[in-house]
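Only one structure is covered here, and it is reproduced in the block below.
The values are calculated or read from the model by the stated rules, or taken from the named source; none is laboratory data. Note that this is a predicted model, so its numbers are computed, not measured. All Cβ positions, even for glycine, are placed from backbone atoms using ideal geometry, and neighbour counts span all protein chains on display. Protein only, heavy atoms only, side chains kept; ligands, DNA and RNA dropped before computing areas. Shrake-Rupley method; radii C 1.70, N 1.55, O 1.52, S 1.80 Å.
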Amino acid sequence: MRQRVSHAAGGEVRVTPGVMAAEYAVPGVLAAGDPLTIDEVRRRTGLTGRAVRAAVARLERRGLIGGVARPGQRQITPRGRMAWVTKGPRRSW
């Protein structure tokens with residue numbers, strides 16, 4: 001079952017059906033700075049490579065992250081950054 005993750009007041013994590021946790025973690029690390037490879041995202045999030053690749057594919061289809069000039073790297077898109085800023089780390093995507 002897919003789950004949606006969000007943070008409630010006080011920092012506890014609330015899990016709701018809908019979006020996998022990786023779809024929440026990946027934009028968070030990409031929003032922090034430079035483009036990253038899948039392996040770099042995996043290391044920073046602590047997720048499996050499979051979970052990161054699946055989340056990246058879903059987020060790319062939605063236009064929230066995309067590739068850059070260097071092969072294998074991904075970055076958050078302007079649309080993804082706007083979603084991260086408005087929905088942010090405290091709300092679900």
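Among what's in the stretch 42-53 and is out of contact with any helix residue (DSSP H, G or I) (no Cβ under 7 Å at 6 or more places or on another chain) and in a helix (DSSP H, G or I), pick the residue that is modelled with the lowest pLDDT.
Among those that are out of contact with any helix residue (DSSP H, G or I) (no Cβ under 7 Å at 6 or more places or on another chain) and in a helix (DSSP H, G or I), it is R50.
Could you look through the stretch 27-41, keep only residues that are touching a residue at least 40 places away in the same chain (Cβ under 8 Å) and assigned to a helix (DSSP H, G or I), and pick out the one that is surrounded by the most Cβ atoms within 10 Å (Cβ to Cβ)?
Selected residue: L30.
Can you pull out every residue in the stretch 74-87 that is assigned to a helix (DSSP H, G or I) and open to solvent by 40 Å² or more (accessible area, probe 1.4 Å)?
The answer is P78, R79, R81, M82, W84, V85, T86, K87.
For E23, all conditions in the list (1) at pLDDT below 90; (2) open to solvent by 30 Å² or more (accessible area, probe 1.4 Å) hold save one; what is the number of the exception?
(2)
Tell me which of these R44 doesn't satisfy, since it passes every other one: (1) without any contact (Cβ under 8 Å) to a residue 40 or more places away in the chain; (2) open to solvent by less than 30 Å² (accessible area, probe 1.4 Å); (3) within 19 Å of M20 (Cα to Cα).
Result: R44 fails condition (2) only.
If I go through the stretch 47-73 residue by residue, how many of them are free of Cβ contacts under 8 Å to residues at least 12 places away in the same chain and either open to solvent by 70 Å² or more (accessible area, probe 1.4 Å) or within 11 Å of the chain's Cα centre (by Cα) (or both)?
Within the stretch 47-73, residues that are free of Cβ contacts under 8 Å to residues at least 12 places away in the same chain and either open to solvent by 70 Å² or more (accessible area, probe 1.4 Å) or within 11 Å of the chain's Cα centre (by Cα) (or both) number 7.
Identify, by number, the condition in (1) modelled with pLDDT under 90; (2) in contact with a helix residue (DSSP H, G or I) (Cβ under 9 Å, 6 or more places away or on another chain); (3) of a type in the set (S, T, Y) that T16 doesn't meet.
The one condition T16 does not meet is (2).
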